[in-house]
1. State yes or no: is Ile183 part of a helix (DSSP H, G or I), at pLDDT 50 or above and either more than 30 Å from Arg14 (Cα to Cα) or among the small types (Gly, Ala, Ser) (or both)?
2. Would a scan of region 120-136 turn up a residue that is at pLDDT 80 or above and more than 23 Å from Arg43 (Cβ to Cβ)?
3. Mind counting the residues in region 151-164 that are surrounded by 17 or more Cβ atoms within 10 Å (Cβ to Cβ) and either modelled with pLDDT under 90 or part of a helix (DSSP H, G or I) (or both)?
4. What do you reckon, is Lys80 surrounded by 11 or more Cβ atoms within 10 Å (Cβ to Cβ) and either touching a Cys at 6+ places or on another chain (Cβ under 7 Å) or at pLDDT 85 or above (or both)?
Amino acid sequence: MSRREKTITIKQGRDKGKTFLIREMSAYDCEEWGRELISTVYRCALQSENGLMMMLSDSIREAFTEPVVPEIKPPSGMSKEHPAIKRAQAEAEQQAVEAAETQREATPAQLVSVLGLRIFMQLPFEEQERVLAPLMACISMGKSGEEQPFDRDSIEDSSTIVTLRAEAFRLHTDFFMPAVPSIYRRLRTVGAAMSHETSPTL
């Protein structure tokens, strides 16, 4: 199956009439980009006084932290080793795990779909460049089959860059979702450490 493409023709400004082609990343590159993206936002959110970033930090922390299920207290006269108590404890733990998995699936979706590109524009400039540069690498000039390498010097209007970056981000939103399980399997290995460290190494 070929990668998706999107043709963008600028409709206003000094670049009016210019056409650009955005081609989605490979599955491997998208997974790497998504992992770097989430890791960068998490790291910067922990160090930020911005309310939205701090809220995002808590959301990601909760998604990465393994659930803790309180021990079920047996009724009077029954030992905690009783089969019924042990079965109830196991069921409670399973439900907590399933709820955590659901949260892990929802967190990146919220990150990408709800907060969108604007959350990344609140990162320090150096961090923005690292996570957004791969999107610009997906852009060529011209139509499919006639494309030429992207030439930054040919852009005359700054709004064109904003438009292209937003469209590239949008193209990869759906493609990012299938990568979520892989990303989270790798991030879960440091989940426990995130409760004690402010800048986890992924």
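The values are calculated or read from the model by the stated rules, or taken from the named source; none is laboratory data. What you see is a predicted model, and the numbers here were worked out from it, not measured in a lab. Note that each Cβ is placed from the backbone with ideal geometry, even for glycine, and that neighbours are counted across all protein chains shown.
1. In short, yes.
2. Applying the first criterion (at pLDDT 80 or above) to region 120-136 yields 124-136.
When the remaining residues are screened for being more than 23 Å from Arg43 (Cβ to Cβ), the result is none.
Within region 120-136, not a single residue is at pLDDT 80 or above and more than 23 Å from Arg43 (Cβ to Cβ).
3. Residues in region 151-164 being surrounded by 17 or more Cβ atoms within 10 Å (Cβ to Cβ) and either modelled with pLDDT under 90 or part of a helix (DSSP H, G or I) (or both): 3 in total.
4. In short, no.
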